[in-house]
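Here the structure is laid out as structure tokens; the discussion comes afterwards.
The values are calculated or read from the model by the stated rules, or taken from the named source; none is laboratory data. Quick caveat: nothing in here was measured; it's all calculated off a predicted structure. Reconstructed Cβ throughout: ideal geometry from the backbone, glycine too, with neighbour counts over all protein chains shown.
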Amino acid sequence: MADTLANNKRIAKNTLMLYFRMILLLIISLYTSRVILRELGVDDYGIYNVVGGIIVILSFLNNAMASATQRFLNVEMGRKDQMAVNKIFTTSQHIYFGVALCLLVIAETAGLWFLNNYMNIPDGRLEAANWVYQFSIISAIFGIFTVSYNAVIISHEKMSAFAYISIIEAVLKLLVTFAVIWAPFDKLIFYAALIMLIGMINCGVYVYYGFRHFEECRHFTIKTDRPMMKQMLSFSGWTVFGNLGYILHTQGIAIVINMFFTVAVNAAQGIANQVNGIVTQFANNFLVALNPQVVKTYAAGELNQMHNLIIRGCKMAFCLIAFFVIPLVLEAPTMLKVWLGIVPEYAVVFMRLVLLISLINSFSSLLAASKGATGNIKNYQITLTLIGALHLPFAWLAFELGGSPEYSMYVYLVIVIVLQALRIWFVCRSINLSITRYNREVLVKCAAVLMVSSAVPVTMHIMLEQSILTTLSVVTISVIGVGLSTFFIGLTSTERNAVLKPILSRFKNK
């Protein structure tokens, strides 16, 4: 019981630290996006998004190894085996070196050829696109060497360090925004170069912090632990499969859109994805604090505690995203106009669909971490990846038949619903969590929260004329509605008491 309370307090403390980080990042991101879109223009903004997307696709190995490293560190820390933790960190660094080398070779051959022969780049901007591409490669390589240090910080649950490093990065990006206004040469190239420099600085900060504070970061050796490497690669092999499917959806669809339409549509998609990234970060911050506890409770054999964490975590992730999704979906045109000034065509419809998909997908991160904790992910990854991969061919077919850009999101909306149902089935079976219990305590409650909290805002949106006052009213009612419905419908009586107890005790102490 004492351990459970301590874990809950740690999760709460880490979550608050991450939300402090998130609020600062949100303010900075909203400002920088507006300025960068204005300074670069819609076409150059679209070029930056789609060209950088090629590198993200080629970095799929890195993303897979990141989740593998996180999982192995969490398991061994749960077992309190420092020697194993040291081996995992060293082995991960060896693997990342290989990943970086693979990225460099593929990017400078196949990727470069694809950019110059198949991408739809406006006349006169191909040279700038190539500069952006090269800077993105360097940024990605430094990002690869950052991953293991990031995983160590999160596994040790040092969320304050994670938050401060992220804030430093955001402040540097703010300075870059000011610098772009007075760029001495091509603004797109100048911006890409400075973003690359920030990536290098960020990598240096992570390495310095890890070396100063964690034993495993100081025990790096050239000698490779082959059995450990084989074990990590075996696990990550299926994670690679899953991450490739995810990246092909998120970045591959941008390339498909570019081949049928223009970089202006890529700019609209980039804006929508940025809004979505900000919104999902609010839930992800909570999950980043929760995921290590889920893996550690599984490693310790505490399945009941793990089940409770999953159910509470999934509910809260959904409700946290609903806080933002309801008003943003309803009032997207006004909000984008106020935020950006210039609103690219298709930005509104892209934003609405991407946010709805994220709301449905809000449980996926915690469920994936829960499945990863078991180590048995082969069938899970194969099934979900193959179904998710249908997005690209179906979107391509929709475009060939004359569909507009947003048809790609309609296709994915259907696929996500199927994927979420399969994800729940796989995870519940593997950790002996009753599907009936999950549906009753998570899905039914989340659906009730959504219906109750959106009823009045939807009515207001339909009945009232579009204006700033209407938007403010809808946002206010939405936030209040989600808050109240989450408290009275989403939470159990025990959870409500846990929320009220510290508040009431403070009033009594006064």
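Looking across the range 347-364 at every residue that is at pLDDT below 90 and either in a loop (DSSP other than H, G, I, E, B) or touching a Phe, Trp or Tyr at 6+ places or on another chain (Cβ under 8 Å) (or both), the one that is surrounded by the most Cβ atoms within 10 Å (Cβ to Cβ) is identified as 362. Using the structure shown, decide if residue 214 is crowded, with 19+ Cβ neighbours inside 10 Å, under 19 Å from residue 147 (Cβ atoms) and modelled with pLDDT of 80 or more. In short, yes. Could you please let me know if residue 410 is in contact with a helix residue (DSSP H, G or I) (Cβ under 9 Å, 6 or more places away or on another chain), over 30 Å from residue 267 (Cβ atoms), hydroxyl-bearing (Ser, Thr, Tyr) and in a helix (DSSP H, G or I)? In short, no. Scan the range 469-492 and report the pairs whose first residue is under 12 Å from residue 457 (Cβ atoms) and whose second residue is acidic (Asp, Glu), with Cβ atoms within less than 8 Å and a gap of 6+ or a chain change. Final answer for the pair search is 470/331; 471/331; 474/331; 475/331.
There is at least one residue in the range 157-168 that is modelled with pLDDT under 85, surrounded by 17 or more Cβ atoms within 10 Å (Cβ to Cβ), more than 30 Å from residue 102 (Cβ to Cβ) and touching a Leu at 6+ places or on another chain (Cβ under 9 Å). Can we say residue 404 is within 20 Å of residue 49 (Cβ to Cβ), among the hydroxyl-bearing types (Ser, Thr, Tyr), under 21 Å from the mean Cα position of the chain (by Cα) and modelled with pLDDT of 85 or more? So residue 404 fails the test.
Can you name every residue in the range 292-326 that is buried (at least 23 other Cβ atoms within 10 Å of the Cβ) and of a type in the set (Val, Ile, Thr)? 294, 295, 297, 310, 321, 325, 326, listed by residue number. Taking residues in the range 335-352 that are farther than 13 Å from residue 267 by Cβ, and partners anywhere that are acidic (Asp, Glu), the pairs with Cβ atoms closer than 7 Å and at least 6 places apart or on different chains are 349/406.
Taking the range 480-510, which residues are of a type in the set (A, V, I, L, M) and at pLDDT 90 or above? Passing the criteria: 480, 482, 484, 489.
For the range 96-137, taking the residues that are touching a helix residue (DSSP H, G or I) at 6+ places or on another chain (Cβ under 6 Å) and over 21 Å from residue 255 (Cβ atoms), the one that is surrounded by the most Cβ atoms within 10 Å (Cβ to Cβ) is identified as 99. Report, by residue number, each residue of the range 405-436 that is touching a residue at least 40 places away in the same chain (Cβ under 8 Å) and either closer than 14 Å to residue 253 by Cα or exposed (fewer than 15 other Cβ atoms within 10 Å of the Cβ) (or both). Within the range 405-436, 405, 406, 408, 409, 410, 412, 413, 417, 432 meet the criteria.
Scanning the range 33-49 for residues that are of a type in the set (D, E, K, R) and out of contact with any Lys or Arg (no Cβ under 6 Å at 6 or more places or on another chain) turns up 34, 38, 43, 44. Only one of the numbered conditions (1) buried (at least 16 other Cβ atoms within 10 Å of the Cβ); (2) modelled with pLDDT under 80 is violated by residue 237, and that is (1).
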